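Presented below is the structure to which this report refers.
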Amino acid sequence: MVYQYIEIIQDGEKYIVYNKVYKQNVGEIRKERIMGQWMQWQLFQYPDCGFSNGCLKEVSSFITKLYGKDRTK
């Protein structure tokens, strides 16, 4: 999928979030264990980087698609 503000780059089992406006990596999406046995996809923001509402919507849309991808495995 093509996003307006970000590009998602797969790097092994995680995804790098590249901001097209600032032309830099701003975070990564990876699975983390949260309280117990369940793994959750989460966004980890790099230091000194912010996300606009538009970027956050695009990241949220991507993470939602990852859960659909998990169900097919």
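Rounding to the nearest 10 and keeping the result within 0 to 90°, find how far the Cα-based axis of helix 53-71 lies from the longest principal axis of the chain. In the chain, helix 53-71 runs at an angle near 30 degrees to the longest axis. Using C-alpha pairs below 8 Å separated by at least 6 residues, the relative contact order for the chain is 21 percent.
Annotation for the range 18-59: chymotrypsin sites (Phe, Trp or Tyr not before Pro) lying in DSSP loop with at most 14 further Cβ atoms inside 10 Å of their Cβ are Y22, W38. Calculated on the Cα set of the chain, radius of gyration then Dmax: 12.5, 38 Å. Calculated mean residue ellipticity at 222 nm for the chain: -9000 deg cm²/dmol, from DSSP H runs with n ≥ 4 weighted as -39500 (n - 2.57), summed, divided by the residue count and rounded to 500.
Read-outs throughout are calculated quantities, based only on the coordinates presented, and are distinct from any laboratory measurement. All figures in this text were calculated on a predicted structure; none of them were measured in a lab. Every residue, glycine as well, gets a Cβ built from its backbone with ideal geometry; the counts of neighbours run over all protein chains shown.
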